[in-house]
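As structure tokens, the structure follows; a few thoughts come after it.
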Amino acid sequence: QVQLVESGGGLVQAGGSLRLSCVSSGGAFSSYAMSWYRQAQGKEREFVAAVSRTGGSTYYADSFEGRFIISRDNAKNTLYLQMNSLQPEDTAVYYCAQPPDYGPYEVRQIHYWGQGTQVTVSS
């Protein structure tokens, strides 16, 4: 059974940066594409970014292109999300996910989720 554990969330001022991490266990991490999603209070969970199995390809939702960077370290079974130029509207719980394959999958199609890490951006 795959387990995903996120960390790195917290409180940051507008314009600041955070790096989220997600450690995977119980599965062959390097065999799967990985993704980040987020859910703001009162809103639906949304896709943020995806990375291919090797890390050689990345895909971002339009809102995050140029500000967020997804990456992975297969030797450490770890997924990352570097978030820059954060704004109050980025406040949300950020989730690590293992999708069926590389790409922007719908929430209902995700196989495994982490528990989420809260990111709060103050103005």
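The values are calculated or read from the model by the stated rules, or taken from the named source; none is laboratory data. Predicted model only: the values in this text are computed from it and were never measured. Using ideal geometry, Cβ is built from the backbone for each residue, glycine included, and neighbour counts are taken over all protein chains shown. Protein only, heavy atoms only, side chains kept; ligands, DNA and RNA dropped before computing areas. Shrake-Rupley method; radii C 1.70, N 1.55, O 1.52, S 1.80 Å.
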Select from the range 65-84 the residues that are within 18 Å of residue 46 (Cβ to Cβ) and either at pLDDT below 95 or of a type outside the set (A, V, I, L, M, F, W, C) (or both) and list them in ascending order. 65, 66, 67
I'm checking my understanding of the structure. Among residues of the range 56-108 that are in a strand (DSSP E or B) and of a type in the set (Gly, Ala, Ser), which one is most open to solvent (accessible area, probe 1.4 Å)? 71
I need the full set of residues from the range 8-34 which are assigned to a strand (DSSP E or B) and under 20 Å from residue 91 (Cβ atoms), in order please. 10, 11, 12, 13, 18, 19, 20, 21, 22
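Of all the residues that make up the range 35-48, how many are under 16 Å from residue 4 (Cα atoms) and open to solvent by less than 10 Å² (accessible area, probe 1.4 Å)? Write out each step before concluding.
Just the residues of the range 35-48 that are under 16 Å from residue 4 (Cα atoms), to begin with: 35-38.
Filter again for open to solvent by less than 10 Å² (accessible area, probe 1.4 Å), leaving 35-37.
Within the range 35-48, residues that are under 16 Å from residue 4 (Cα atoms) and open to solvent by less than 10 Å² (accessible area, probe 1.4 Å) number 3.
Would you be able to tell me the number of residues in the range 61-91 that are among the charged types (D, E, K, R) and over 23 Å from residue 3 (Cα atoms)? If you could, list the steps in order and put the result at the bottom.
Pass one, the range 61-91, residues among the charged types (D, E, K, R): 62, 65, 67, 72-73, 76, 89-90.
Within this subset, residues satisfying the condition of being over 23 Å from residue 3 (Cα atoms) are 62, 65, 67, 89-90.
Looking only at that region, the number is 5.
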